[in-house]
Amino acid sequence: MQLHEQYYDDIFKALKNEPYANYLGIQLVELKEGFAKAILSPTAHMLNTHGTVHGGVIFSLADYVFAAASNSYGTTAVGVTNTIHYMSAGLADQVLTAEASEIKKTRRLAWYRIDVWSNDVLCATMEALVYRKNENFVGQG
């Protein structure tokens, strides 16, 4: 049995309880091997001067699902690089949804595409790379 299947509940709980994500109000709603989906309802303090969602908040949501998808196997994965492209504004009264999908995985590296939606409008896309360590963060003792 794969680590993901054997320890799914532990993996989900560890990723769902990420402190920074919880601080922002990000909710992990789906997790599969190499895939994660999360939502965020922006609050007033997450807006920029123009009344739209601050790019840093959108980046944080994208980065969170990237981390969740890449760590979904129960093996520690750490970000190496990412590039984000902002395509439209995230609106204050709309739920932001982010999905990270694995594009390719090797023993040491994995590549991801992350999309962030404001309702049905794509507001950002990210490409990201992780380094996969030898350590598992579940199933230890």
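Determine the pairs where a residue that is under 14 Å from PRO42 (Cβ atoms) and without any contact (Cβ under 8 Å) to a residue 40 or more places away in the chain, located within region 112-127, has a partner that is surrounded by 15 or more Cβ atoms within 10 Å (Cβ to Cβ) and hydrophobic (A, V, I, L, M, F, W, C) with Cβ atoms under 8 Å apart, the partner being 6 or more residues away or on another chain.
Qualifying pairs under 8 Å: TRP117/LEU96; TRP117/ALA98; TRP117/CYS123; ASN119/LEU91.
Just for region 71-82: of the residues that are touching a residue at least 60 places away in the same chain (Cβ under 8 Å) and not polar (S, T, N, Q), which one is most open to solvent (accessible area, probe 1.4 Å)?
Residue satisfying both the conditions and the ranking: TYR73.
Which of (1) open to solvent by 30 Å² or more (accessible area, probe 1.4 Å); (2) more than 14 Å from MET126 (Cα to Cα); (3) assigned to a strand (DSSP E or B) is the odd one out, the single condition HIS85 does not satisfy?
Among (1) open to solvent by 30 Å² or more (accessible area, probe 1.4 Å); (2) more than 14 Å from MET126 (Cα to Cα); (3) assigned to a strand (DSSP E or B), HIS85 violates only (2).
May I ask you to list the residues in region 1-17 that are part of a loop (DSSP other than H, G, I, E, B) and crowded, with 17+ Cβ neighbours inside 10 Å?
Residue satisfying the conditions is TYR7 alone.
Of these, GLY139, GLY74, GLY34, which one is under 25 Å from TYR7 (Cα atoms) and within 14 Å of the chain's Cα centre (by Cα)?
GLY34
Output the residue which, of all residues in region 88-130 that are among the basic types (Lys, Arg) and in a strand (DSSP E or B), is nearest to PHE35 (Cα to Cα).
Checked region 88-130; the qualifying residue nearest to PHE35 (Cα to Cα) is ARG113.
Hey, can you tell me all the residues within region 47-70 that are touching an Asp or Glu at 6+ places or on another chain (Cβ under 9 Å), open to solvent by less than 10 Å² (accessible area, probe 1.4 Å) and aliphatic (A, V, I, L, M)?
If the condition is that a residue be touching an Asp or Glu at 6+ places or on another chain (Cβ under 9 Å), open to solvent by less than 10 Å² (accessible area, probe 1.4 Å) and aliphatic (A, V, I, L, M), then ALA62, VAL65, ALA68, ALA69 are the ones that fit.
Can you tell me how many residues within region 90-102 are over 24 Å from TYR7 (Cβ atoms) and open to solvent by 50 Å² or more (accessible area, probe 1.4 Å)?
Going through region 90-102 one residue at a time, the tally reaches 3.
Show the residue pairs that are 6+ apart or on different chains and have beta-carbon atoms under 9 Å apart, the first residue being within region 52-70 and part of a helix (DSSP H, G or I) and charged (D, E, K, R), the second being modelled with pLDDT of 95 or more and open to solvent by 10 Å² or more (accessible area, probe 1.4 Å).
Every condition considered, the pairs that remain are ASP63/GLY79; ASP63/ASN82; ASP63/ILE84.
The values are calculated or read from the model by the stated rules, or taken from the named source; none is laboratory data. Quantities reported herein were computed from a predicted structural model and do not represent experimental measurements. All Cβ positions, glycine included, derive from the backbone under ideal geometry; neighbour counts span all protein chains shown. Ligands, DNA and RNA are excluded from the accessible area calculation, which covers all protein heavy atoms including side chains. Shrake-Rupley method; radii C 1.70, N 1.55, O 1.52, S 1.80 Å.
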